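The values are calculated or read from the model by the stated rules, or taken from the named source; none is laboratory data. Not measured: the values here are computed from a predicted model. All Cβ positions, even for glycine, are placed from backbone atoms using ideal geometry, and neighbour counts span all protein chains on display. SASA here: full protein model, heavy atoms, side chains in, ligands and nucleic acids out. Shrake-Rupley method; radii C 1.70, N 1.55, O 1.52, S 1.80 Å.
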Amino acid sequence: MEYFERIQKALIEFKHTRVISIITVLFALIYHIVFLFVFRSLAVYPMFYYNFYSVTVFFGLSIIVPRLKSFIIPYTVAFFEVVVHQVLADYYVGANSAFHYFILLIGLLPVVAFERHYFLSMLFQVLGSAGFVVLECIGSKLLPKYQIPDNYISVIKIINISLTMFVIFCILLIFSFIEQAVQEKLEIKVLEKTEEAEKESEKRLELQNHIINSLASLVENRDTDTGEHILRTSAYVEILARKAYENGVYPDIIDEKFIDLMKRAAPMHDIGKIVVSDSVLKKPGKLTPEEFDQMKLHTTEGGRIINEVIGVSEDKEFISIASDVANYHHERWDGKGYPYGLRGTEIPVCARIMALADVFDALVSPRCYKDPMPQQEAFKIIKEESGSHFDPILAELFLESKYETERVLHVYTK
């Protein structure tokens, strides 16, 4: 039972060396058993006794081969046994019986049976081929020790040559099948590893997004009653970026990946407010110039925090967009914004999109220093400041997305 389990395991694991080794030994065992009776019926007793010895050898090999990791030693034993057997068979029965064809077979076998043992494969191939050629050249000149009727010799010759070709064909077929199976198994493993890596990447991304959103929400809660501002602005930037993509605006920048990165980066736009004191952040009245200068720091500090905290991420494109959003979302199209006074297309597209979403939500949301503005009035301000505060193309698309924007405001407002 254990013997067949080992064969089954070898087949399942696609270990072609072991499979071919087992098949070879079993074939040799059956072959020698058959010729044990053939030589007994022909009364060629020297070969009968030698076949009895051969059957014993291959029976032993058939037991130990499934347990071995390497077939080199058993193969060496089998090689010399076969060579001696076939030379003796030619000597006693005659070269016309074609026993020496098995020397050619046993010499070629390592080519498909030995994994990475190229020198040994070539050595046995040369020895087997040389032995076959020598016997072919001198066999016809040797007189057999036993006179066997020609019809028996012809049958034996046909059997030997046919079995040799059949074994070669079967082994090559098995080798090809197993190699294909191995390739398919490798492809499956590669696919599984790829899927595992993708799942692992998705988990890391999910964790990263959770940490980012939690941190952004924590910061946001310092100057608003809820963290819904980051949810709304993330939804706004996704709506606006997709609208731009569908209308072919900035096609060299805005694509599906950009939209996804923008949505993920949006919650971090005000993360720099963590460095602004509560006295400034929660002041109900107008800020003094000094206080306003302190408030401005949240842009550059936000970019710095993003690069320091999540800069180790492999997604460099996300880091770049998140950093730009934090750094430049208070820049204005006319150059009157902060912190660097960038103008027009000097401002990254992601920051221009973020500016529209941030300002609109700030207008329609309550703050400690103001009441919420009616939506229609906020849209009116966006229109009036198109070309001055905002990118005119993006501002127009934002106004065209009024229905979607109002729905987001309704869903994420308590």
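Using a 1.4 Å probe, how large is the accessible area of ILE30, given in Å² and rounded to the nearest 10?
Result for ILE30: roughly 110 Å² accessible.
Rounded to the nearest 10 Å², what accessible area does LYS383 have for a 1.4 Å probe in the complete protein model?
Looks like 140 Å² after rounding.
Can you tell me how region 262-414 classifies by the Cα gyration tensor, rounded, prolate or oblate, using a/c under 1.5 as the rounded cut? Provide the component values of the computation, followed by the final result.
Numbers: a/c = 1.41, a/b = 1.15, b/c = 1.23.
Taking the square roots of the gyration eigenvalues as a ≥ b ≥ c, region 262-414 is rounded.
How high is the relative contact order of region 261-319, given as a whole-number percent (alpha carbon pairs under 8 Å, six or more residues apart)? The partial results should precede the final answer.
Details: 45 pairs, mean separation 24.5, N = 59.
Worked out over region 261-319, it gives 41 percent.
Enumerate by residue number the GluC sites (Glu not before Pro) in region 303-405 meeting two conditions: DSSP loop (anything except H, G, I, E, B), and at most 11 other Cβ atoms within 10 Å of the site's Cβ. Numbers along the way, then the final one.
On the way: sites: GLU308, GLU314, GLU317, GLU331, GLU346, GLU377, GLU384, GLU385, GLU396, GLU400, GLU404; in loops: GLU314, GLU331, GLU385.
Within region 303-405, the qualifying GluC sites (Glu not before Pro) (loop, at most 11 other Cβ atoms within 10 Å) are GLU314.
Solvent-accessible area per residue for region 366-414 at a 1.4 Å probe radius, Å²?
Details: 3100 Å² over 49 residues.
On a per-residue basis, 63 Å².
By how many nm would the segment from ARG343 to PHE59 grow when fully extended, if each residue of separation counts as 0.36 nm and the alpha-carbon distance is taken off?
Details: separation 284, 0.36 × 284 = 102.24 nm, distance 8.89 nm.
Full extension of this stretch gives 93.3 nm more.
Quick one: which residues, 5 or more positions from SER386 or on another chain, have an amide H under 5 Å from its amide H? H modelled 1.01 Å from N in the peptide plane, none for Pro or chain starts.
Counting only residues 5 or more places away or on other chains, the set is empty.
Heavy atoms only, 1.4 Å probe, whole protein assembly: order CYS137, CYS350, CYS170 by accessible area, highest first. Before the final figure, lay out the partial values.
On the way: CYS137 80, CYS350 5, CYS170 40 Å².
Result of the area sort, largest leading: CYS137, CYS170, CYS350.
Please find the FRET efficiency linking GLN376 to VAL275, where r is the Cβ-Cβ separation and R0 is fixed at 45 Å, and quote it to the nearest 0.05.
Plugging the Cβ-Cβ distance into 1/(1 + (r/R0)^6) gives 0.80.
Can you classify region 50-119 as rounded, prolate or oblate using the Cα gyration tensor, where a ≥ b ≥ c are the square roots of its eigenvalues, rounded means a/c under 1.5, and otherwise it's prolate if a/b beats b/c and oblate if not?
oblate
Can you compute the equivalent ellipsoid semi-axes for region 267-343, i.e. the square root of 5 times each eigenvalue of the Cα gyration tensor, sorted largest first and rounded to whole Å? Spell out each step's value before the answer.
On the way: eigenvalues 114, 52, 13 Å².
Semi-axis lengths for region 267-343 are 24, 16, 8 Å.
Sequence neighbours fewer than 8 away in the same chain don't count; with that in mind, list the aspartates and glutamates whose C-alpha is under 12 Å from LYS145.
The reachable aspartates and glutamates, counting only those whose Cα sits under 12 Å from LYS145, are ASP90.
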